[in-house]
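Let me begin by presenting the structure, written as structure tokens, before commenting on it.
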Amino acid sequence: MNTTAPDTGSRLPSLAFWLLLTLAAGGVGAIASASAPAFYLSLDRPAWAPPPWLFGPVWTLLYVLMGLSAWLVWRARRLDAGATPYVLFFAQLVANAAWTWLFFGWRQGQWAFIEILLLVALIVATMTVFARIRPLAAVLLTPYLAWVCFAAALSFSVWQRNPGLL
């Protein structure tokens, strides 16, 4: 059974697929956060909270790194060798998009915080499986994990400071 992607032909279609998939997850979240900057500025935030303009560029970079990471795994191991890496990757994408809806769309601070803890666990699980297949793929997810851990702390702080709004 051949579980390795052939090293011939164009790699661009599969790279484009993984990049578009991750950016689409960001797009689903972006729908919920259309009014996020104004809402975010209306919240009582800790002094260490980043400005609203920073989130777009950071998330764009993170989504690109996520897509590259999944693509590296795809090039090394296809579905016929097992779907676990892809199921975990997709699950964390869904959780990623869901957090934005919980926090900004539905303004459910408690549920957003619980869900972001689940997202952290899914990212760690994805990184663990990716590291066994292609270590660089796990390394590319490290900034994502760091940012989501920071976002978890920020989410908790903002939720606690704004009980009437979240």
Charge sum, other residues only, whose C-beta stays under 14 Å from LEU136's C-beta, Lys/Arg counted +1 and Asp/Glu -1: +4
Among 111-117, 56-62, how do they line up by average Cβ neighbours within 10 Å per residue, starting with the highest? 111-117, 56-62
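Can you tell me which of 43-53, 149-159 comes out highest on packing, and rank the rest after it, using the mean Cβ neighbours within 10 Å?
149-159, 43-53
Nearest 20 debye, what's the magnitude of the dipole of the chain about its Cα centre given +1 on Lys and Arg Cβ and -1 on Asp and Glu Cβ?
Working: 9 positive and 4 negative charges, 39 e Å.
Using Cβ point charges on Lys, Arg, Asp and Glu, the chain gives about 180 debye.
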Labelled set (1) 1.60; (2) 1.11; (3) 1.44; Cα Rg over 2.2 N^0.38 Å computed from this model equals the value at (2)
If each K or R counts +1 and each D or E counts -1, the residues other than TYR40 whose Cβ falls under 15 Å of its Cβ total +2
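At 20 Å minimum axial length over the Cα atoms and a Kyte-Doolittle cut of 1.0, report the qualifying DSSP H helices in the chain, or say none.
Once both thresholds are applied, what remains is 12-32, 52-76, 109-133.
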Just name one of LEU54, ALA76, GLY29: the one whose Cα is farthest towards the positive end of the charge dipole of the chain (beta-carbon charges, Lys/Arg +1, Asp/Glu -1). ALA76
Compute, for the stretch 55-134, the length of the dipole vector about the Cα centre, with Cβ point charges of +1 (Lys, Arg) and -1 (Asp, Glu) only. Units Debye, rounded to 20. 260 debye
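Taken together, the values in this text are just the output of simple stated rules run on the coordinates, not laboratory data. Note that the structure is predicted; figures quoted are calculated from it, not measured. Methodologically, a virtual Cβ is constructed for each residue, glycine included, from the backbone with ideal geometry; neighbour enumeration extends over all protein chains shown.
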